[in-house]
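Student: First, the structure itself, so that you have it in front of you.
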Amino acid sequence: MERSCTEQERERLFAMMATGEHDATLQQMADEVVAAVDDPAVEIAVPAHRADEILSVLLQSAPRKQRRGRLVMFARWAAAILLPVGAAILYFLQPVSKPANTIQAVALQDLPPATHGAVLTLGDGSKLTLDSARKGLLASQGGARVMLSQGTLAYDAQNAGTVSYNTLSTPRGRLFQLVLPDGSAVWLNAASSITFPTRFAGNERIVTLTGEAYFDIRPDAAKPFRVKLANNTTVQVLGTAFNINAYDNESAITATLISGRVQVNGIGNNSRVLQPGYQASLSYTAAGIQVSRADTSQVLAWKNGIFNFDNADVQTVMKQLERWYNIEVQYENGVPAISFGGKMDRNLSLKNITRMLEISKVHCRLEGKKLIITE
């Protein structure tokens, strides 16, 4: 069987899913696919790790154990059909108790997903607009050379003398990569900024972060690496990989350790040492540091080009969409009490996202750059 589809067929499938008219047919198709996947004689030629990345939003209306089982099986079917053309289509799952009203299709404008881009503010205050197309020598500051190549900003501090401080900022709808003067790598998420020196002088390496970034730090026992955050919070490392989420519109700062060892220092004398796979959470409004096991695949989903909305409520989802699509979300009739699960490709346009929201019973309309949640 040839598992592929044309662009027209893909759009038709989206259109079918965006209305309630074909729910019964889609449910029957899902049941048939699930039955086929359960049959060991039927081969679905899609690797399991790729099936997990077929992208979608699911209404968490079924019991978790049942919902997840159906999700994995249907994901493999979707992957077999759609991956050959690079399509990112939702996992379709019928709620156990289907609401009496059907979904109404809504004609929406469209906005593209985030792309590579940032603004670099030099030590003298001048600003350079960066994108993935630009390359070569951008500036020289006190002997430090600022280079851009293949969408990554890098610093050559070999001949640096005077230290200047630069700030790399990503607006909403943009993200960027940076190699610091010591060779450490930083991935900067949308609506974030990092301030750093053109050369790490003295006995420590210090940068300041707002927003979210993933760090892969070059080991140097003689110069510990520190990330300064809001509320006098710091994350201190020697050599390690970790993620920090410090957006000011979130309820807490979170630091998640992927490998190595870090110490998180909060207000006063509060500090905790993290082991790989653990996350520290520091509230903006209360003292103390909470440490728990982390779902690192969910934490790093943004870096890997995925939205991971497992156990996410509507507000959590919308905050990510605001940053990624450079939109403002408003709630016309309150926040829907819905939780999501599953994954979705970040390379989708906003129109495809809103189609998935409609299927999940989150109704919305787009007015300019305002996404209004109507119910």
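Student: Collect the residues in segment 279-289 that are over 22 Å from Asn189 (Cβ atoms) and open to solvent by 40 Å² or more (accessible area, probe 1.4 Å), keeping them in residue-number order. Reasoning before the result, please.
Tutor: At the first step, the residues of segment 279-289 found to be over 22 Å from Asn189 (Cβ atoms) are 285-289.
Residues satisfying the conditions are Thr285, Ala286, Ala287.
Student: Surrounded by fewer than 17 Cβ atoms within 10 Å (Cβ to Cβ) and of a type in the set (S, T, N, Q): is that true of Asn269 in this structure? I'd like the intermediate steps shown before the answer.
Tutor: Details: surrounded by fewer than 17 Cβ atoms within 10 Å (Cβ to Cβ): yes; of a type in the set (S, T, N, Q): yes.
So Asn269 fits the description; yes.
Student: Any residue in segment 256-267 that's touching a residue at least 12 places away in the same chain (Cβ under 8 Å) and part of a loop (DSSP other than H, G, I, E, B): show its pairings with residues that are surrounded by fewer than 17 Cβ atoms within 10 Å (Cβ to Cβ) and basic (Lys, Arg) at Cβ separation under 8 Å, as long as the two are six or more apart or on different chains.
Tutor: Here the result reads none, with nothing in segment 256-267 linked to a residue that is surrounded by fewer than 17 Cβ atoms within 10 Å (Cβ to Cβ) and basic (Lys, Arg).
Student: Okay, next question. Can you confirm whether segment 322-331 contains a residue that is surrounded by 20 or more Cβ atoms within 10 Å (Cβ to Cβ), more than 12 Å from the chain's Cα centre (by Cα) and touching a residue at least 40 places away in the same chain (Cβ under 8 Å)?
Tutor: Initially, segment 322-331 is screened for residues surrounded by 20 or more Cβ atoms within 10 Å (Cβ to Cβ), giving 323-325.
Still in the list and also more than 12 Å from the chain's Cα centre (by Cα): none.
Among the residues of segment 322-331, not one is surrounded by 20 or more Cβ atoms within 10 Å (Cβ to Cβ), more than 12 Å from the chain's Cα centre (by Cα) and touching a residue at least 40 places away in the same chain (Cβ under 8 Å), which makes the answer no.
Student: Being in contact with a Ser or Thr (Cβ under 9 Å, 6 or more places away or on another chain), touching a residue at least 24 places away in the same chain (Cβ under 8 Å) and part of a loop (DSSP other than H, G, I, E, B) is the filter here; which residues of segment 165-219 pass it?
Tutor: Gly173, Pro181, Asn189, Ala190, Ala191, Thr198, Arg199, Ile217, Arg218
Student: Now for a separate question. For segment 272-321, give me each residue that is within 15 Å of the chain's Cα centre (by Cα), part of a loop (DSSP other than H, G, I, E, B) and not polar (S, T, N, Q).
Tutor: The answer is Asp295, Leu300, Ala301, Trp302, Lys303, Gly305, Phe309, Asp310.
Student: Taking segment 294-321 as the search range and keeping residues that are surrounded by fewer than 17 Cβ atoms within 10 Å (Cβ to Cβ) and touching an Asp or Glu at 6+ places or on another chain (Cβ under 8 Å), which one is modelled with the lowest pLDDT?
Tutor: Checked segment 294-321; the qualifying residue modelled with the lowest pLDDT is Gly305.
The values are calculated or read from the model by the stated rules, or taken from the named source; none is laboratory data. This is a predicted model, so every value here is computed, not measured. When we count neighbours, we look across all protein chains shown, and the Cβ atoms used for this are built from the backbone with ideal geometry, even at glycine. The accessibility values were calculated without ligands, DNA or RNA, using every heavy atom of the protein model including side chains. Shrake-Rupley method; radii C 1.70, N 1.55, O 1.52, S 1.80 Å.
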